[in-house]
Amino acid sequence: MDDIYPSSDSIKVESKINYYSDGFDDNEDPFFLSDDDLVGGDDGAADALLEDIREDEIDLLKQKQQDCKILNATELRQRMEHDVAQVSAVLSVSKTEASILLRNYNWSVSKVNDAWFTDESAVREKVGLFVKSVTGSDIVSNKRKIIICGICFESYTSDRIRYADCGHLYCEICWSIYISTSINNDGAGCLMLRCPEPSCHAAIGQDMIDSLTSEEDRRKYSDFLLRSYVEDNRTTKWCPGPACEYAIEFSGADGIFDVTCHCFTSFCWNCKEECHRPMDCDTVKRWILKNSSESENVNYILAYCKPCPNCKRPIEKNHGCMHMTCRVCRYEFCWLCLGPWKGHMNCNRYMERTDTDDKRKKLAKESLEKYTHYFERWDANRKSKLKALADHQRVKDEEFKKLSVSQDIPEAHFEFISKAWLQVVECRRALEWSYSYGYYLPDNEPAKKQFFEYLQGEAESTLEKLHNCVENELKEFLDVDGLSKKFSEFRTKLVGLTTVTGNYFEKLVVALENGLADVNSNGTKGLEDEVEDSWHCDRCTYANPSSIRSCKMCVSSDIDNVSVNE
């Protein structure tokens, strides 16, 4: 006899996931393989590869590399100062006033100029820029005049009195305390600091702040100003990587928002989640919310638990006899028929049920099984992606040195191995999100679902060949003394696999982003036709056009080997 309640720990599907723990160098685009990058010289195999990459694809990849620019703090300050100087020169205002104007217009030079030349007076009133007070200037210029501070009501000589453009007079001590308190308590709110007079909204400029505060407060204010320049600017964002201080300027307009920082963090510019092609941002948010919520625990309870007939608390049974005792109300009942155990005989006779409990439980179980199927594969590829990224770094740091010694080849010539690893990372990421894509595919479109699963299966098979080649086949060359003739064949095979896998996945992602538009009720076309128009070499797996009979990669490799032997 047993009575087991399901605990939240035992049925929780997934907790928090770190989506910002990986990425790759923006200078190493996994889909762009140059001649020198692949083999380090004028190798015929690289030429053969590059001939098969369409010119428009190369242009697209080069454009993709130019869509974003990674900026450090120094570069950001230079850009900010340039914008301030530009506004100051065009509007004939001081740099302090130009900075105030830009902050109020989200650092948009064009918006400031448009608003200023439309109605200068309205802009000045809005941002708190007034013409310098003549009265205040006359009073302070009289060095012998005694002035009472409007805050502490102490008497000071005029040389210890300060005022903003509005002309309200306060002593240096009160100004300093007022500004320092705002910097340390209000955070970024100190950038919109106004005159201490309650009825006055004159802006306090950086020149007054720098002259009245400590070095620490000046540093904090400068940092807040820099953060404002990034966070209020529509064209720049901070990298979401842990402890990363880079900002990224993005100008892409082709609908692809994937960017990669110098810290190896890759993320979507639009939603700041990890790169998730072919999924759109809204669906990604739904998927992440589903993974982190308790909704699947509810489905689990509905599918595998039964309510106590007396108190209705859910009970899970995972072993033991059918005699159950509720721990809450101590009610004894049969697990099979939920009838009272006292006087219970047999419940093997079938009785047709008229309620919808069975149907509801069946639907809940099917929903959970579907989610589990896609989540397990999504999570497995996510973990494999992170492992591949770590392996790539380990290979670069450790195995390149061993390989250089054993094969007597400079480490710079192993760039094709690095690119293969980065291709694996990128393809694992695409495969990861393809499972989320599959989960949300409508069940009432069987042709589209079938075609998607075919393409996904081909992608998995192709990626596994590349992953196995770069992970396992490389090991046999690490401890070999002297140049191995097989290493040239390995290089040819790996370069071919990298290109084939990258091209296939790029076409797959584009097809999924287009919603598999080529699929109709009569069949499929598009990517499948492109696959049928080529054949894969049994030796190196390179995809050759159907119009030729000999593998271009193998022929190039044989020519190279003959040249070396001669």
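The values are calculated or read from the model by the stated rules, or taken from the named source; none is laboratory data. Computed from a predicted structure; not experimentally measured. Here Cβ is always computed from backbone atoms with ideal geometry, including for glycine, and neighbour counts include all displayed protein chains. The accessibility values were calculated without ligands, DNA or RNA, using every heavy atom of the protein model including side chains. Shrake-Rupley method; radii C 1.70, N 1.55, O 1.52, S 1.80 Å.
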Open item on the list: Just to verify a number: what accessible area does ASP282 come out at with the full protein assembly present, 1.4 Å probe, Å² rounded to tens?
Closed with: 110 Å²
Open item on the list: Tell me the accessible surface of TRP341 in square angstrom (1.4 angstrom probe, heavy atoms of protein chains only), to the nearest ten.
Closed with: 80 Å²
- [ ] Report, to the nearest whole %, how much of the accessible area of the stretch 422-482 belongs to carbon and sulfur atoms, 1.4 Å probe, protein only.
- [x] 43 percent
TODO: Take CYS329, CYS195 and sort them by solvent-accessible surface of the protein heavy atoms, 1.4 Å probe, largest at the top.
DONE: CYS329, CYS195
Task: With DNA, RNA and ligands ignored, accessible area of MET322 (1.4 Å probe; Å², nearest 10) - done: 80 Å²
Task: FRET E, pair HIS373, GLU75, Förster distance 56 Å, beta-carbon r, rounded to 0.05 - done: 0.75
TODO: Holding the Cα-Cα limit at 18 Å, pick out from LYS290/LYS370; LYS401/LYS475; LYS290/LYS365; LYS365/LYS449; LYS385/LYS419 the pairs that are longer than that.
DONE: LYS365/LYS449
Task: Simple label model, 7 Å out from Cα along Cβ direction - SER108 to LYS475, nm - done: 5.7 nm
